[in-house]
Amino acid sequence: TTTPYHRYSFKKECSLEPGDDSCWISNGAAPQFISYRLGPAPCRINYFHMAIPPLPGGPLSVRRFRLEASDSPEGPWIYAPLHQLVTMDVAGLQKFAVQPPIEAQYI
């Protein structure tokens, strides 16, 4: 049998694929980041979902992260201390409320 680890491509684009057939894994020392263009114009983000492997999924499971926002892919990136988030040690999608909401073209 093939373990999930062996079928993953680990590319950043995989973070947008539905299901758990692939994933993104950063390569290098912290801090690491991934950015997304939300559309042709800024939009409001009130919440988002993310799946993170539960422990003992290994050191690949992020626990603390933050959201940063910009209207340009080059920045400047703005972050609010309230947008520091923590994942739970559970399988499946986790829903995160963004309070206060973010209005941006890139996160």
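The values are calculated or read from the model by the stated rules, or taken from the named source; none is laboratory data. Note that the structure is predicted; figures quoted are calculated from it, not measured. Glycine gets a Cβ as well: all are built from the backbone with ideal geometry, and neighbour counts include every protein chain shown. All accessible areas refer to the heavy atoms of the entire protein, side chains included, with ligands and DNA or RNA removed. Shrake-Rupley method; radii C 1.70, N 1.55, O 1.52, S 1.80 Å.
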Inset, instruction - Quick one: accessible surface of residue 10, probe radius 1.4 Å, all protein chains present, in square angstrom to the nearest 10. - result: 60 Å²
Inset, instruction - Measure off 7 Å from each Cα along the Cα-to-Cβ vector at residue 86 and residue 34, then give the distance between these two points in nanometres to one decimal. - result: 2.3 nm
Legend entry - Debye log10 I(q)/I(0) at q = 0.13, 0.20 Å⁻¹ for the chain, Cα point scatterers: -0.53, -1.24
Inset, instruction - Report residue 20's accessible area, 1.4 Å probe, all protein chains in place, as a number in Å² to the nearest 10. - result: 100 Å²
Inset, instruction - Keeping every protein chain in place, order 67, 55 by accessible area at 1.4 Å, biggest value first, i.e. largest first. - result: 55, 67
Legend entry - Heavy-atom accessible area ranking, 1.4 Å probe, most first, across 14, 23: 23, 14
